[in-house]
Amino acid sequence: MSCDCFSDQQFLSVEQAIFHILENIQTVEDTELVPLDSALDRILATEVISPIQVPPHDNSAMDGYAVNFASLTNNKTVSLVGKSMAGAPFVGECLLGQCVRIMTGAVVPEGCDTVVMQEHCQVEGDTISFLQEIRQGQNIRRAGEDISQNQIILSKGKRLSAIDIALLASVGIESLSVYRKIKVALIATGDELKSPGQSLTAGDIYESNGHFLKHMLAKINADVLDYGIIADDFEQIKQAFHHADQHADVVISSGGVSVGDADYTKMVLDSIGKIGFWKISMKPGKPLAFGLLPNSVFFGLPGNPVSAAVTFYQIAMHGLAKIAGATPIERTRFIAKTQTDLKKAPGRTDFQRGYYNVNQAGEISVVSTGVQGSGVLSSIGRANCFIVLAKDQGSVSAGESVVIEPFDALLGGS
Ligand code: AMP
Ligand code: MG
């Protein structure tokens, strides 16, 4: 898959674009030690090895009585000699013919190998009789059955979830080495762009890409430097890019990557970095710029809001994951039956927006969310998945099978 990926007008597939991006970027080097409770959504810079086995001791899975199974061969009655509570184990040895009162989570006393749940016991003073068939070893959680000592419990690159933090707490780990957060600069270019709250004059539109990107980046725990809207002016764009490059790991712009009259982005970037202006065979999202600035990695997303969102999600996020030190993103795809006709011309991979549903029989169906234009942001808002139509595929009729990719939680999926 070789190409000079910094030359212009490359026609690349989505996979080739991701490949070239990953080939040309590195993970940030700096790591930091963070306390366990500040580690949510941070990315592990090392694998984590459990310093202990879990559970640390054989313990009871029930409230009941601990015995040695050998005590029960002739006689189902034993005498009570003590108790073992969670946090207060029985001291001494439980001999044949004896039993120990035991509570859930308490250490199984020495000499015992079986716990009988209290509902299956008859208690008369210190004499305990067992009413039911007993299996040797029953109701005991074995030391190390969950995690053994020195077992790898989390891999390098894992983005830490609430369950991961609980798992780390369960083995007594109080701080972790994580990659530092990445800094991402956002620049929206366009004379026509206004912010909500401003009034629109002829030809103006409200800027939305920056808002989408800012919040997606916040969700992946990046620090955002928001440059807001920059006019189509060579000097202003140059200044913004120059400043962003000095202060961020990644610079993301939107707009100005197709070659129109007011597209100064290319001129500016060519003057400061090594950039490829690509044509990706995908729809939406054809133009995409990627490159290396003196200090940072650059992604130039198309201006159209759906194109910007889809190229960010389908392409740039793979690069951001690598820069941040995260394991590669793997998105789930399913086969679904489309209930609507889907228009498609061969030649580009389509990421049409759809709404999928699973019926009680477990069958997955999908409908298009309607007009699929690259500026129609509501087509994503109403969707819960992409309908991924392969490059060489043509139109699809209702009733045929298609590949869908449910939105992940970052994009509002469940
Ligand atoms: P461009 O790539 O700059 O030619 O922009 C393509 C289309 O996307 C134009 O209709 C722009 O007005 C629109 N656009 C560009 N940037 C944004 C933005 N940040 N938010 C919303 N629409 C945008
Ligand atoms: Mg523009």
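For Leu96, Leu225, give me the order by solvent-accessible area with a 1.4 Å probe, most accessible first, ignoring ligands, DNA and RNA.
Values: Leu96 115, Leu225 55 Å².
Sorted descending by solvent-accessible area, the residues read Leu96, Leu225.
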Cross-link partners among lysines for Lys344, C-alpha distance below 26 Å, same-chain residues fewer than 8 apart left out?
Lys279, Lys283, Lys286, Lys391
In whole Å, what is the distance between the alpha-carbon centres of the range 265-318 and the range 45-103?
62
Can you give the FRET efficiency for Gln236 and Asp392, using 1/(1 + (r/R0)^6), R0 = 51 Å, r = Cβ-Cβ distance, to the nearest 0.05?
0.75
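Using alpha-carbon pairs under 8 Å, 6+ residues apart, how would you state the relative contact order of the chain in percent?
Working: 964 pairs, mean separation 68.2, N = 414.
This gives 16 percent for the chain.
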Can you compute the equivalent ellipsoid semi-axes for the chain, i.e. the square root of 5 times each eigenvalue of the Cα gyration tensor, sorted largest first and rounded to whole Å?
60, 27, 18
Diffing the range 239-247: the Karplus 3J(HN,Hα) column from phi (6.51, -1.76, 1.60, θ = phi - 60°), in whole Hz with x for Gly and Pro, holds 4, 4, 5, 4, 5, 4, 4, 7, 10
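Relative contact order for the range 334-411: what is it in percent, counting Cα pairs under 8 Å that are at least 6 residues apart? Please report the intermediate quantities before stating the final value.
On the way: 165 pairs, mean separation 34.8, N = 78.
Across the range 334-411, relative contact order equals 45 percent.
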1/(1 + (r/R0)^6) with r = Cβ-Cβ of Ser148 and Asp37, R0 = 22 Å, i.e. FRET efficiency to nearest 0.05, evaluates to 0.30
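Give me the percent of the accessible area of the chain that comes from carbon and sulfur atoms, probe 1.4 Å, all protein chains in place. Intermediate results must be reported in sequence, preceding the final value.
On the way: 10060 of 19760 Å².
In the chain, the share of accessible area belonging to carbon and sulfur is 51 percent.
Of Lys194, Lys343, which has the most accessible area with a 1.4 Å probe, and how do the rest follow in descending order?
On the way: Lys194 45, Lys343 175 Å².
Descending order: Lys343, Lys194.
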Checked the range 334-411 against the a/c 1.5 cut and the a/b vs b/c comparison, axes a ≥ b ≥ c from its Cα gyration tensor; verdict oblate
With every protein chain kept in place and a 1.4 Å probe, the chain has an accessible area per residue in Å² of 48
Between beta-carbons, use under 12 Å as the cut-off and find the net charge around Gly273, counting Lys and Arg +1, Asp and Glu -1.
+1
Rounded to the nearest 10 degrees, what's the angle between the helix 209-219 long axis and the longest principal axis of the chain, both from Cα atoms, 0 to 90?
20
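So, by mean Cβ neighbours within 10 angstrom, what's the order for 227-234, 31-38, 103-110 with the highest one leading?
Values: 227-234: 17.0, 31-38: 12.6, 103-110: 19.9.
With the highest mean Cβ count within 10 Å placed first, the list reads 103-110, 227-234, 31-38.
For the chain, what is the calculated [θ] at 222 nm in deg cm²/dmol (nearest 500), taking -39500 (n - 2.57) for each run of four or more DSSP H residues and dividing by its residue count?
Numbers: 8 runs with 72 residues, N = 414.
It comes out at -5000 deg cm²/dmol, rounded to the nearest 500.
Leaving ligands, DNA and RNA out of it, rank Lys344, Lys181, Lys337, Lys266 by accessible area with a 1.4 Å probe, largest first.
Numbers: Lys344 15, Lys181 70, Lys337 110, Lys266 45 Å².
The ordering from most to least exposed comes out as Lys337, Lys181, Lys266, Lys344.
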Cα centroids of the range 143-205 and the range 319-371: how far apart, whole angstrom?
24
Given the protein chains as shown and a 1.4 Å probe, how many square angstrom of His211 are accessible, to the nearest 10?
80
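The values are calculated or read from the model by the stated rules, or taken from the named source; none is laboratory data. Please read all numbers here as calculations on a predicted model, not as lab measurements. Cβ atoms come from the backbone with ideal geometry, glycine included; neighbour counts cover every protein chain shown. These area figures cover heavy atoms from the full protein model, side chains too; ligands, DNA and RNA do not enter into them. Shrake-Rupley method; radii C 1.70, N 1.55, O 1.52, S 1.80 Å.
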